[in-house]
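Notes follow once the structure below has been shown.
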Amino acid sequence: MMAPMRPVIIAANWKMHTTPEDAGELAATIAARSGEPGVVRVVCPPFVCLAAVREALAGTGIAVGAQNLHHEIAGPFTGEVSAPMLAGLATWVILGHSERRRDAAETDALIGRKLGRAVEAGLRPILCVGEQLTEREAGRAEAVVSAQVTGCLGDHDPDALTAAGLVVAYEPVWAIGTGRNARGADAAAMAGLIRRTAAGLGWGDSAERLPVLYGGSVTAVNIGEFLAEPSIDGALVGGASLKPDEMAGIVGRAAVTARARLAAGGS
Ligand code: PEP
């Protein structure tokens, strides 16, 4: 059987940076420097910058994503944003980022509910999973990541998640914003584990089509180590995604992998 050809994806997580005044210009600069149509590119600014970034990226082929959404559709949830509210503003959404697990006490069960809302609203989810340093040092990294995948995906119909274009980002918590990144081989092993876990949840062969990204202090210098791994399909980029030079380098390297995959074929 021919190996499935998965897309190469670079998603930018701007976290709590930029304002509606400057976000559009930054997005336009990144778009001008990262014009690689063979790479799926996504920019995820803060909620208040979505409209400006969407306008700036119109016609560039770069998609816009949100960084979170609420698990209910509407109601007395002051300060929250629901999936239907993102219509016309975003087509992707990051869910379960470790900073939200840490600061908003998000659990796998809650993230699973958010996943359902994203799918209902036609948003393409990027589900983040990853272990803490203490868990890795205790030899529990695989068990933790597998449990997160099961806890978030377990209640969902695999076909619905496949149709929604679910992407999983393996982001070891100790590598996020620390300048310390995982080794490519370790990330590749986790990508394999994530797909095997999905297969065990009823995904079957579709698990091989599930895109898995690496995230954690990715830069233009180290992206090559991850994209050299056939099981890794791109990156979720935080700090470096605010720098047009870094994004140009990261997307440029991703384009090399995208072209190689195209040349190799696949089903
Ligand atoms: C992230 O925000 O998902 C992330 C990986 O951040 P950084 O690239 O800054 O480590």
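The values are calculated or read from the model by the stated rules, or taken from the named source; none is laboratory data. What you see is a predicted model, and the numbers here were worked out from it, not measured in a lab. Quick reminder, even Gly has a Cβ in these numbers, built from the backbone with ideal geometry, and neighbours come from all protein chains shown. In case anyone asks, the SASA skips ligands and DNA or RNA and just uses the protein heavy atoms, side chains included. Shrake-Rupley method; radii C 1.70, N 1.55, O 1.52, S 1.80 Å.
Just name the residue that is surrounded by the fewest Cβ atoms within 10 Å (Cβ to Cβ) out of those in the range 204-222 that are among the β-branched types (V, I, T) and in a loop (DSSP other than H, G, I, E, B).
V221
Run down L127, L210, L133 and say which single residue is within 16 Å of I9 (Cα to Cα) and within 16 Å of the ligand (Cβ to nearest atom).
Numbers: L210 fails: within 16 Å of the ligand (Cβ to nearest atom); L133 fails: within 16 Å of I9 (Cα to Cα).
Selected residue: L127, the only one of L127, L210, L133 that is within 16 Å of I9 (Cα to Cα) and within 16 Å of the ligand (Cβ to nearest atom).
Please work out which one of (1) in contact with a Leu (Cβ under 8 Å, 6 or more places away or on another chain); (2) within 21 Å of V43 (Cα to Cα); (3) among the acidic types (D, E) is the condition E99 fails and give its number.
The failed condition is (1).
Based on what the data block shows, is E142 at pLDDT 95 or above and farther than 18 Å from T107 by Cβ?
Spelling it out, E142 is indeed at pLDDT 95 or above and farther than 18 Å from T107 by Cβ.
If I go through the range 133-158 residue by residue, how many of them are polar (S, T, N, Q) and buried (at least 17 other Cβ atoms within 10 Å of the Cβ)?
Narrowing the range 133-158 to residues polar (S, T, N, Q): 134, 146, 148, 150.
Of the ones still in play, those that are also buried (at least 17 other Cβ atoms within 10 Å of the Cβ) are 146, 148.
Total meeting the criteria: 2.
Would you pick out the residues in the range 174-203 that are within 16 Å of the ligand (Cβ to nearest atom) and surrounded by fewer than 20 Cβ atoms within 10 Å (Cβ to Cβ)?
Those that are within 16 Å of the ligand (Cβ to nearest atom) and surrounded by fewer than 20 Cβ atoms within 10 Å (Cβ to Cβ): G177, T178, G179, R180, R183, G184, D186.
Suppose we filter the range 225-257 for residues that are assigned to a helix (DSSP H, G or I) and open to solvent by 20 Å² or more (accessible area, probe 1.4 Å); how many remain?
Residues in the range 225-257 being assigned to a helix (DSSP H, G or I) and open to solvent by 20 Å² or more (accessible area, probe 1.4 Å): 11 in total.
Could you tell me whether any residue of the range 151-173 is under 18 Å from M16 (Cα atoms) and among the aliphatic types (A, V, I, L, M)?
yes
Could you grab the pairs with beta carbons closer than 8 Å, sequence gap of 6+ or different chains, first residue in the range 248-267 and in contact (Cβ under 8 Å) with a residue 24 or more places away in the chain and farther than 13 Å from G234 by Cβ, second one among the basic types (K, R) and open to solvent by 40 Å² or more (accessible area, probe 1.4 Å)?
Note: pairs meeting the criteria are A248/R33.
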